[in-house]
1. Once you put a point 7 Å from the Cα of R181 and another 7 Å from the Cα of R169, both along the Cβ direction, what distance in nm separates them?
2. So, by mean Cβ neighbours within 10 angstrom, what's the order for 177-190, 96-109, 10-23 with the highest one leading?
3. Quick one: 3J(HN,Hα) in Hz for the stretch 127-135, Karplus 6.51/-1.76/1.60 with θ = phi - 60°, rounded, Gly and Pro as x.
4. Using a Förster distance of 25 Å, how high is the FRET efficiency between T127 and Q10, based on the Cβ-Cβ distance and rounded to 0.05?
5. Relative contact order for the stretch 102-148: what is it in percent, counting Cα pairs under 8 Å that are at least 6 residues apart?
6. Using modelled amide H (1.01 Å from N, peptide plane; none on Pro or chain starts), what sits under 5 Å from the amide H of M67, excluding residues fewer than 5 places away?
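No value in this document is a laboratory result; all are computed from the given coordinates. Just so you know, these numbers come straight off a predicted model, no measurement behind them. Using ideal geometry, Cβ is built from the backbone for each residue, glycine included, and neighbour counts are taken over all protein chains shown.
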Amino acid sequence: MDGGPANGQQVAVKILVSGGFGVGKTTMVGSVSEIPPVSTEAFLTQASVRTDDIDPVPKKAATTVAMDFGRITVDQRVVLYLFGTPGQERFWFMWDQLARGAIGAVVLVDVRRLVDSFAPIDYFEQTRMPFVVVVNQFDGAPVYPGEAIRDALAVGTQVPVLTCDARQRAGAKQVLIALVRHVSARRQLGAGPASAAPNSHPYTLQEQ
């Protein structure tokens, strides 16, 4: 970033891929990684019924219990190391550890479950970590304008709102490049918090 080191060596950059339960974090890391991704997924069992609400994602059979890990070389200067965060509240204690050394985060969003995005957004606002909001384009999900998503999540205009299909490598890579550019621009401007959004989250959307 910022032109890279003078000796031409690559810069290693740590990025978080975050969001609610079942929003596509593991899928995104796996689709874009140039190495076999490392995943700490565990199968959902009857024992987790009382703590894991899988009604919104009935086909989901496993969940990330620690992190996902992948790597992608953006160009000759920058290599991104991706760390996917666990989505369920009982594993949120991992977030502080995973966030150490990260330059920014992708917050994946499922428009059918916007409420699940509030906690990740609040976390990155409070820690002042730059982030981008990315609507994961699930099959059959309604489509809303970017500004409607921004208003519903109450994120500031300085936070990019993007869309991609987390299953597609090309689109996921462009999201990561957009995040790196966002972080670089903020650093050049000496920007403050990632968002000046209010604490309340209006989430009324009108489909396109």
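1. Reported label-point gap for R181 and R169 is 2.2 nm.
2. Highest mean packing first, the order is 10-23, 96-109, 177-190.
3. Once rounded to whole Hz, the list reads 8, 6, 8, x, 8, 10, 9, 10, 7.
4. 0.40
5. 49 percent
6. T40
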